[in-house]
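The values are calculated or read from the model by the stated rules, or taken from the named source; none is laboratory data. Since the structure is predicted, the reported quantities are computational estimates derived from the model, not experimental observations. So basically every Cβ, Gly included, is an ideal-geometry build from the backbone, and we count neighbours across all protein chains shown. Heads up: the accessible areas ignore ligands, DNA and RNA and are worked out on the full protein's heavy atoms, side chains in. Shrake-Rupley method; radii C 1.70, N 1.55, O 1.52, S 1.80 Å.
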Amino acid sequence: MSAASLLPFVLMFAVFYFLLIRPQQRKSKQRNSMLSSLKKGDKIVTIGGMHGTILEISDDKVVLRVNDSTKITFDRSAINNVTSTSAATSAVQAEPVVEKKEEKADNIKA
(Lines give C-alpha, C1' and ligand atoms only; values in the text may rest on other atoms or scores of the structure.)
Protein backbone atom coordinates (compact mmCIF):
# COMPACT_ATOMS: atom_id res chain seq x y z
CA MET A 1 0.00 0.00 0.00
CA SER A 2 1.23 3.43 -0.82
CA ALA A 3 0.94 6.55 1.30
CA ALA A 4 -1.69 7.93 -1.06
CA SER A 5 -4.02 5.01 -0.37
CA LEU A 6 -3.61 5.38 3.43
CA LEU A 7 -4.35 9.11 3.41
CA PRO A 8 -8.18 8.75 3.24
CA PHE A 9 -8.17 6.36 6.21
CA VAL A 10 -5.99 8.71 8.25
CA LEU A 11 -8.27 11.64 7.40
CA MET A 12 -11.38 9.66 8.33
CA PHE A 13 -9.85 8.71 11.68
CA ALA A 14 -8.91 12.35 12.33
CA VAL A 15 -12.45 13.50 11.57
CA PHE A 16 -13.95 10.83 13.84
CA TYR A 17 -11.53 11.76 16.60
CA PHE A 18 -12.29 15.48 16.55
CA LEU A 19 -16.04 15.17 15.97
CA LEU A 20 -16.92 12.14 18.09
CA ILE A 21 -14.24 10.81 20.42
CA ARG A 22 -12.79 14.04 21.83
CA PRO A 23 -16.15 15.70 22.71
CA GLN A 24 -17.32 12.48 24.37
CA GLN A 25 -14.16 12.37 26.50
CA ARG A 26 -14.73 16.00 27.52
CA LYS A 27 -18.36 15.30 28.54
CA SER A 28 -17.26 12.26 30.52
CA LYS A 29 -14.62 14.28 32.35
CA GLN A 30 -17.18 17.00 33.23
CA ARG A 31 -19.67 14.42 34.50
CA ASN A 32 -17.06 12.71 36.68
CA SER A 33 -16.06 16.11 38.06
CA MET A 34 -19.70 16.93 38.87
CA LEU A 35 -20.24 13.55 40.58
CA SER A 36 -17.08 13.91 42.68
CA SER A 37 -18.02 17.42 43.85
CA LEU A 38 -21.45 16.45 45.23
CA LYS A 39 -22.09 17.31 48.88
CA LYS A 40 -24.90 17.30 51.44
CA GLY A 41 -27.55 19.92 50.77
CA ASP A 42 -27.10 20.01 46.99
CA LYS A 43 -30.35 19.95 45.03
CA ILE A 44 -30.10 17.48 42.17
CA VAL A 45 -32.06 15.78 39.39
CA THR A 46 -31.63 12.06 38.71
CA ILE A 47 -31.49 10.49 35.27
CA GLY A 48 -35.12 9.43 35.81
CA GLY A 49 -36.24 13.01 36.50
CA MET A 50 -36.58 12.72 40.29
CA HIS A 51 -35.80 16.02 42.05
CA GLY A 52 -34.39 15.95 45.56
CA THR A 53 -31.89 17.24 48.10
CA ILE A 54 -28.88 15.20 49.19
CA LEU A 55 -29.13 14.10 52.83
CA GLU A 56 -26.34 11.50 52.93
CA ILE A 57 -23.62 10.66 50.46
CA SER A 58 -21.08 7.83 50.26
CA ASP A 59 -18.73 6.54 47.59
CA ASP A 60 -21.47 4.83 45.58
CA LYS A 61 -24.84 5.69 47.21
CA VAL A 62 -26.80 8.91 47.71
CA VAL A 63 -29.83 9.36 49.99
CA LEU A 64 -32.21 12.03 48.70
CA ARG A 65 -35.00 13.86 50.48
CA VAL A 66 -37.82 14.10 47.96
CA ASN A 67 -40.38 15.77 50.28
CA ASP A 68 -40.74 16.27 54.04
CA SER A 69 -41.18 12.57 54.83
CA THR A 70 -39.71 10.65 51.89
CA LYS A 71 -36.11 9.52 51.60
CA ILE A 72 -34.91 7.54 48.59
CA THR A 73 -31.53 5.89 48.01
CA PHE A 74 -29.94 6.10 44.56
CA ASP A 75 -26.66 5.06 43.05
CA ARG A 76 -24.33 8.03 42.76
CA SER A 77 -24.10 7.40 39.00
CA ALA A 78 -27.90 7.97 38.69
CA ILE A 79 -27.47 11.70 39.27
CA ASN A 80 -27.92 13.69 36.08
CA ASN A 81 -27.17 17.24 37.21
CA VAL A 82 -27.00 19.65 40.14
CA THR A 83 -29.70 22.34 40.11
CA SER A 84 -28.36 24.32 43.08
CA THR A 85 -25.64 23.99 45.67
CA SER A 86 -26.00 23.53 49.43
CA ALA A 87 -27.97 25.97 51.60
CA ALA A 88 -24.87 27.64 53.06
CA THR A 89 -23.62 28.61 49.61
CA SER A 90 -27.10 29.69 48.51
CA ALA A 91 -27.52 31.94 51.55
CA VAL A 92 -24.29 33.76 50.75
CA GLN A 93 -25.41 34.28 47.16
CA ALA A 94 -28.87 35.50 48.25
CA GLU A 95 -27.61 38.38 50.42
CA PRO A 96 -26.72 40.78 47.57
CA VAL A 97 -30.17 40.22 46.03
CA VAL A 98 -31.84 41.36 49.27
CA GLU A 99 -29.63 44.47 49.39
CA LYS A 100 -30.57 45.38 45.81
CA LYS A 101 -34.28 45.11 46.66
CA GLU A 102 -33.78 47.45 49.63
CA GLU A 103 -31.97 49.97 47.43
CA LYS A 104 -34.87 49.95 44.97
CA ALA A 105 -37.33 50.53 47.82
CA ASP A 106 -35.27 53.54 49.01
CA ASN A 107 -35.26 55.01 45.50
CA ILE A 108 -39.04 54.74 45.26
CA LYS A 109 -39.59 56.47 48.62
CA ALA A 110 -37.28 59.37 47.73
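Summary of computed values
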item	result
Solvent-accessible surface (1.4 angstrom probe) belonging to Arg26, in square angstrom, nearest 10	130
Heavy-atom accessible surface of the stretch 13-70: percent carbon and sulfur, 1.4 Å	55
Among Met50, Ser5, Ala78 the positive-end extreme of the charge dipole of the stretch 3-84 (Cβ point charges)	Ser5
Rounded to 5, percent antiparallel among DSSP beta bridges of the stretch 3-84	100
